[in-house]
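The structure appears right after this line, and notes come after that.
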Amino acid sequence: MKFPLQTVLAATIATLTGIVALPAMAQQSTPASADAARDALAKKEGEGDQSALLQQTLTAVDKQYSLIRRKQLSVTYDLSYSYIGEERIVTDLANGSTTLFNIENTSSHSVTNTFSVDYGLLDNLTGNVTMPFISRYSDNNLSNGASNSLGDLALGARDALVSIWIGNRTRIAAHYDVPDNIAVVAAGRRRFTLFPPEQLQNLYIGPLDFTPAGQSVSMVDLAQPDLARFPLFAEALAHAQSAELGPGDAIFIPSMWWHHIEALDPFNVLVNYWWRQSPDYMDTPTNALMMAFLTLRDLPPAQRKAWQEIFRHYIFEADEQTAAHIPEHARNVLAPLDDAGARMLRAQILKKMNR
């Protein structure tokens, strides 16, 4: 059975009755015992296994969508330069001999100044205007000179990514998403169980680089947790927050919160809205984690501790005082990062990695 996406979205918006924001209610919840949580989340007979549809349900999870908040303004400037040189030999072939007539040299220099303005129309909708100003200088045998022109004016908007999932009774293992996420139930019922990011060590996460659908997941069966094998999971259950949603209900899942999703009815439709509150030029932090495995994890303990302090100073607790003692023109990577700086830094990293 297939439904047009527009029809499902229209029905979802028309029947939307409430949004559940579990993390905001964390201080109001009462920690439950492991046995009580296990009973509340007991698996229903005949429901599907949690690994069956991981591939199709987590495919688009790691998309990066960059938005800014409502009424915020962001202005960026980019400068690029290109050079094209050409040497043409003009000859004539006659009677089996070659006659050289001329050698023509042509060169062209282009400088493009691009101004971009982003404005938050809504918290989940960002308007964008891009205006390139192009200066060219050409030199050839016939003429030379400069010209200035405006490039194509670009108008656009960045909205949240919308995805739709249609399925039956399934259970999706606890995982996190980099983007923020609002999940809207269009048909059927679903139970969402959320864990705060600091419960990582209690969730017994599986492999990071060999995963069912590109995203690491908890190895614990939430419906029947084996606390003898995974004893720390009882602590994760004590911090879990659960909500059962029906058609028209929605839940906000913040970035990096672990969440388990259980479909309770034979037919279910879920619509997700994804967005990321970071600039387009930022890479996924997972790349930094993988690089840390390559460069940091196996260092001697004393060196790891020293690098932990370096990361604390330059990354996790960085502020305006971190590089205040360095003149602005000499801060380089310590200066606020923009699109041009990100491209240069990425090129430097790739160059060093390829040595």
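The values are calculated or read from the model by the stated rules, or taken from the named source; none is laboratory data. In this text, all values refer to a predicted model and were calculated from it rather than measured experimentally. Note that we place each Cβ from the backbone using ideal geometry, even for glycine, and neighbour counts take in every protein chain shown. Accessible surface areas use protein heavy atoms only, side chains included; no ligands, DNA or RNA. Shrake-Rupley method; radii C 1.70, N 1.55, O 1.52, S 1.80 Å.
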Checklist outcome for this item: When PRO300 is run through (1) modelled with pLDDT under 95; (2) farther than 29 Å from ALA160 by Cα, the failure sits at (1)
Checklist entry - Got a sec? Which of ARG169, ARG136 is among the basic types (Lys, Arg), at pLDDT 75 or above and open to solvent by 30 Å² or more (accessible area, probe 1.4 Å)? => result ARG169
Next on the checklist: Here are the criteria: (1) among the hydrophobic types (A, V, I, L, M, F, W, C); (2) in a helix (DSSP H, G or I); (3) open to solvent by 10 Å² or more (accessible area, probe 1.4 Å). Tell me which single one ILE164 does not satisfy.
Outcome noted: (2)
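Let's see how each residue does on (1) hydroxyl-bearing (Ser, Thr, Tyr); (2) farther than 25 Å from ASP78 by Cα; (3) surrounded by 11 or more Cβ atoms within 10 Å (Cβ to Cβ):
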position: ALA302; (1), (2), (3): no, yes, no
position: PHE311; (1), (2), (3): no, yes, yes
position: PRO327; (1), (2), (3): no, no, no
position: GLY341; (1), (2), (3): no, no, yes
position: LYS352; (1), (2), (3): no, no, no
position: ARG355; (1), (2), (3): no, yes, no
Next on the checklist: Within region 248-278, take every residue that is of a type in the set (A, V, I, L, M) and within 13 Å of ILE164 (Cα to Cα) and give me the one that is farthest from the chain's Cα centre (by Cα).
Outcome noted: VAL269
Checklist entry - Which of the residues spanning region 251-300 are of a type in the set (D, E, K, R) and open to solvent by less than 30 Å² (accessible area, probe 1.4 Å)? => result GLU262, ARG276
Next on the checklist: Please go through region 167-182 and give me each residue that is assigned to a loop (DSSP other than H, G, I, E, B) and more than 15 Å from ILE253 (Cα to Cα), ordered by number.
Outcome noted: ASN168, ARG169, THR170
Next on the checklist: Name the single residue that is nearest to LEU200 (Cα to Cα) among those in region 222-249 being in contact with a helix residue (DSSP H, G or I) (Cβ under 8 Å, 6 or more places away or on another chain) and among the small types (Gly, Ala, Ser).
Outcome noted: ALA236
